[in-house]
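One structure below.
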Amino acid sequence: QVQLVESGGGLVQPGGSLRLSCVASGFTFSSYELRWYRQAPGKERELIAAISDIGGRTNYANSVKGRFTISRDNAKNTVYLQMNSLKPEDTAVYYCNSWRTPYDYWGQGTQVTVSS
């Protein structure tokens, strides 16, 4: 059974940091590209970070570039999102995603709220 379980969300003040984790099971984690998406209230789901299966190449949305870092630990079947210099506009539900054609797996999401 495929599972992706996110954790690490919460309430943080502007300028603060959080690290999200997503633990996967039920598939060959190391063979999948991994992504983080987010969805703010009333907005479409947005792809914000991705890391490749081979070589660990990373890509970021302009909105988070320079502040967020995606990484993976294949030995632990875990993908991380380190979020620094958080802004109120980063408030959203954050989802991890594992993708390898034709498979597309999603976690349940974790809420991140940036507010003073």
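Tabulated values for the structure
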item: Selection of trypsin sites (Lys or Arg not before Pro), region 1-104, meeting DSSP coil and at most 16 other Cβ within 10 Å; result: LYS43, ARG45, ARG57, LYS65, ARG67, LYS76
item: At most 12 other Cβ within 10 Å, DSSP loop - GluC sites (Glu not before Pro), region 22-72; result: GLU44
item: Probe 1.4 Å, protein heavy atoms only - accessible area per residue of the chain in square angstrom; result: 53
item: Extended-chain gain in nm, criterion 0.36 nm per residue less alpha-carbon gap, THR101 and LYS76; result: 6.7 nm
item: Förster-model FRET efficiency, 41 Å R0, SER115 and SER25, C-beta, rounded to 0.05; result: 0.80
item: Carbon/sulfur fraction of accessible area - the chain, other protein chains in place, 1.4 Å, %; result: 46
item: Alpha-carbon gyration tensor eigenvalues x 5, square-rooted, for region 53-116, Å; result: 23, 15, 11
item: Modelled label reach - LYS87, point 7 Å along Cα→Cβ, region 23-59 residues with backbone N closer than 20 Å; result: 36-50, 59
item: Dimensionless Rg over Rh [the chain; C-alpha; Kirkwood]; result: 0.95
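The values are calculated or read from the model by the stated rules, or taken from the named source; none is laboratory data. These numbers were taken from a predicted model, which means no experiment stands behind them. Cβ coordinates were reconstructed from backbone atoms using ideal geometry, including for glycine residues, and neighbour counts include every protein chain displayed. In case anyone asks, the SASA skips ligands and DNA or RNA and just uses the protein heavy atoms, side chains included. Shrake-Rupley method; radii C 1.70, N 1.55, O 1.52, S 1.80 Å.
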